[in-house]
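Asker: This is the structure I want to talk about, given as structure tokens.
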Amino acid sequence: MADIKLYDTMAREKRVFTPADPNRVTMYVCGPTVYNRAHIGNARPAVVFDVLARLLRHTYGEEHVVYARNITDVEDKIIESARAEGVDPSVITGRYEDYYLADMGALGVQEPDIAPRATESIAGMVAMIASLIHRGNAYEAGGHVLFHVPSDPDYGALGRRDREAMIAGARVEVASYKKDPADFVLWKPSEPNVIGWDSPWGRGRPGWHIECSAMIEQHLGQTIDIHGGGLDLIFPHHENEIAQSRCAHQGAPLARYWMHNGFLSMADGEKMSKSLGNVVTVDELLSQGHKGEVLRFALLSAHYRQPLEWSEALIAQSKATLDRLYRSAGEAEAGAVDGRVIEALSDDLNTPLALSRLSAIEDAGTLKASGQLLGLFSESATGWFQGAGDKRIDELVEARAQAKREKNFAEADRIRAELAADGIVLEDGPQGTTWRRA
Ligand code: AMP
Ligand code: ZN
């Protein structure tokens, strides 16, 4: 078995990956806050860590990898959107969670093994907060519960920033009830008309960071193998997750390897982000007629830690290369995966090298299997060049509607995923479901 090497943000170097238990390799990636459509930058971590999950499954065995990605479904921006639309927050989160899964499915992202929702994990958060108070790492003040940063001498090890930079960078509110300006919120009060849960500190809702610590503990254990997310999450989010979990678990580290993807930017060089207004959503790109697999290829064309500039030229180049690969693979049955492709991926997920090595593979079956390890070749060559039969799609859409009427949501989800794997995107509207090619 080839060694997998991963760049660990904590160690600042590439390290050979050795899971604590090769029979249960655990990975957690911070997932979306579901209140708007994902932009193509948001898709980068989903696609990158999907490739890593596939590599781990290939290396350790399908059933020996547990991959969790959470859904943040309680957050102030969600509450604002719900208020603006005059609906319950669950309407907003349900809608955008469905969109997120459809968009990522169109990009060939397999659903993680576990997708815990914050609103379904409140008890675990309350228990962890209570334990932090009990241990002297958190305190109640002004209806809030805060984590007391000076109580943790190891705080800040991931980003290695100094204290002043952390306080400035976090833009933490300097509220009068805080003992220290760096202290961050674990629990906050909810007004009667705002979503909330009863707790020992009154009716309220969790701060953002505690959900990941609590869900990791609940679903994966105290120490996981790999924790991932975008570069912007290092501070404050991951730094805070680390502190909460370590303090609640008598010093046990939260994760053994920390991985962070770089930013996707537009031609202006600015990070794609909603606040800058320079976003293009996955949905828009699909509606423009780009295939999801082409977008996936484009996302993997740069090394995940490098910045990636998104452009029309990148999409066109990705399509041209994929067309050529589909022509070479033809209708071959998948064979064995090429060792040099595995070698490239095992070197800190070097996807640009892995993609270029695909082009050098002569055997069609080897090419197909190797591309599939990267989540490519989701279609037959005929399907790729002609499009899958519309009749079969209509039948599946109807079967899914039937499953939903029967409240068989597992079957409905399975059908949606099957269609997504063929690049078919479903849109549920008041008149029923329509579909289009990604
Ligand atoms: P958010 O919904 O902003 O919390 O982002 C969800 C995920 O997308 C996080 O892992 C972010 O780090 C990541 N992300 C957001 N913007 C970008 C970007 N422009 N490039 C790459 N990753 C991003
Ligand atoms: Zn998180």
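Asker: With contacts defined as alpha carbon pairs under 8 Å and 6 or more residues apart, what's the relative contact order of the chain in percent?
Answerer: Values: 704 pairs, mean separation 80.6, N = 438.
For the chain, the relative contact order is 18 percent.
Asker: How many percent of the accessible area of segment 1-98 is carbon or sulfur, using a 1.4 Å probe?
Answerer: Values: 1810 of 3890 Å².
Reported share for carbon and sulfur atoms: 47 percent.
Asker: Rank Thr59, Thr26, Thr382 by mean-square fluctuation in a GNM of the chain with C-alpha springs under 10 angstrom and give only the top-ranked residue.
Answerer: Thr382
Asker: Out of all DSSP beta bridges in the chain, what portion is antiparallel? Express it as a percent rounded to 5. Don't jump to the answer; show the numbers that get you there.
Answerer: Values: 23 of 43 bridges.
If we restrict to bridges inside the chain, about 55 percent are antiparallel.
Asker: Next up: Test of understanding: what is the full-extension gain from Thr434 to Ala360, defined as 0.36 nm times their sequence separation minus their Cα-Cα distance? Mind dumping the intermediate values first?
Answerer: On the way: separation 74, 0.36 × 74 = 26.64 nm, distance 3.98 nm.
Going from the current span to full extension adds 22.7 nm.
Asker: Which whole-number percent is the relative contact order of segment 134-286 (Cα, under 8 Å, 6+ apart)?
Answerer: Across segment 134-286, relative contact order equals 20 percent.
Asker: Report, in whole Å, the centroid distance computed from the Cα atoms of segment 141-209 and segment 385-438.
Answerer: So the separation of the two Cα centres works out to 43 Å.
Asker: Using a Gaussian network model on the chain with a 10 Å cutoff between Cα atoms, which of Asp348, Asp390, Asp152 fluctuates the most?
Answerer: Among Asp348, Asp390, Asp152, the largest mean-square fluctuation in the Gaussian network model of the chain belongs to Asp390.
Asker: Can you tell me the length gained on complete extension of the stretch Ala252 to Glu270, counting 0.36 nm per residue apart and subtracting the Cα distance?
Answerer: 2.7 nm
Asker: In square angstrom, what is the accessible area per residue of the chain with a 1.4 angstrom probe? Provide the component values of the computation, followed by the final result.
Answerer: Details: 18710 Å² over 438 residues.
I get 43 Å² per residue for this part.
Asker: A follow-up question, please. Counting only protein heavy atoms and using a 1.4 Å probe, what share of the accessible area of segment 172-330 belongs to carbon plus sulfur, as a whole percent? Present the calculation step by step, with values, prior to reporting the outcome.
Answerer: Working: 3220 of 6200 Å².
Carbon with sulfur: 52 percent of the solvent-accessible area.
Asker: If you don't mind, there's one more thing I want to ask. What's the ranking of 193-201, 230-238, 45-53, 402-410 by average number of surrounding C-beta atoms within 10 Å, highest first?
Answerer: Details: 193-201: 14.7, 230-238: 19.0, 45-53: 23.9, 402-410: 12.1.
My ranking of the peptides, most packed first, is 45-53, 230-238, 193-201, 402-410.
Asker: Hey, another quick one. Pull out a ≥ b ≥ c, the square roots of the eigenvalues of the alpha-carbon gyration tensor of segment 1-155, then state rounded if a/c is under 1.5, prolate if not and a/b is larger than b/c, and oblate in the remaining case. Intermediate values should be presented prior to the final figure.
Answerer: Values: a/c = 2.19, a/b = 1.17, b/c = 1.87.
Taking the square roots of the gyration eigenvalues as a ≥ b ≥ c, segment 1-155 is oblate.
Asker: Using 0.36 nm per residue of separation minus the Cα-Cα distance, give me the extension gain between Ser311 and Tyr177 in nm, one decimal. Display every interim value, and only then the final one.
Answerer: Working: separation 134, 0.36 × 134 = 48.24 nm, distance 4.72 nm.
Between Ser311 and Tyr177, full extension yields 43.5 nm more.
Asker: Evaluate the distance, in nm, between pseudo-label points positioned 7 Å from the Cα of Asp152 and of Lys5 along their respective Cα→Cβ axes.
Answerer: 3.1
Asker: Right, here's the next one. At what distance in nm do the modelled label points of Asp394 and Glu331 sit from each other, each positioned 7 Å from its Cα along Cα→Cβ?
Answerer: Taking the simple label geometry, Asp394 and Glu331 are separated by 2.5 nm.
Asker: With all protein chains present, calculate the accessible area of Lys368 using a 1.4 Å probe and round the result to the nearest 10 Å².
Answerer: Counting only protein heavy atoms, Lys368 exposes about 20 Å² to solvent.
Asker: If a/c stays under 1.5 just call it rounded; otherwise compare a/b with b/c (prolate if a/b is bigger, oblate if not). Do that for segment 253-338, with a ≥ b ≥ c from the square roots of the Cα gyration tensor eigenvalues.
Answerer: Numbers: a/c = 2.37, a/b = 1.26, b/c = 1.89.
It comes out oblate by the Cα gyration axes.
Asker: For the chain, what does the helix formula give at 222 nm: sum of -39500 (n - 2.57) over DSSP H segments with n ≥ 4, over the residue count, nearest 500 deg cm²/dmol?
Answerer: Details: 16 runs with 186 residues, N = 438.
Calculated at 222 nm, the ellipticity per residue is -13000 deg cm²/dmol.
Asker: Then there is this: Calculate, for Ile114 and Lys407, the FRET efficiency according to 1/(1 + (r/R0)^6) with r their C-beta to C-beta distance and R0 25 Å; round to the nearest 0.05. Before the final figure, lay out each step's value.
Answerer: Values: r = 22 Å, r/R0 = 0.90.
Working from the Cβ atoms, E equals 0.65.
Asker: OK, next. With every protein chain kept in the model, how would you rank Glu418, Glu379, Glu331 by accessible area, 1.4 Å probe, largest at the top? Don't skip to the end; give the middle numbers.
Answerer: Working: Glu418 65, Glu379 25, Glu331 105 Å².
My answer, sorted largest first, is Glu331, Glu418, Glu379.
Asker: Sticking with this structure for a sec: Roughly what would the spin-label model give for Val91 and Arg340, points 7 Å off Cα along C-beta, in nm?
Answerer: Result: 5.7 nm between the two label points.
Asker: Something else now. For a Förster distance of 22 Å, can you work out the FRET efficiency between the beta-carbons of Asp323 and Gln372, rounded to the nearest 0.05? Could the numbers behind the result be given before it?
Answerer: Values: r = 17 Å, r/R0 = 0.78.
After rounding to 0.05, the efficiency reads 0.80.
The values are calculated or read from the model by the stated rules, or taken from the named source; none is laboratory data. All values derive from a computational prediction rather than experimental measurement. Using ideal geometry, Cβ is built from the backbone for each residue, glycine included, and neighbour counts are taken over all protein chains shown. Ligands, DNA and RNA are stripped out before the accessible areas are found, and what is left, the full protein with its side chains, is counted by its heavy atoms. Shrake-Rupley method; radii C 1.70, N 1.55, O 1.52, S 1.80 Å.
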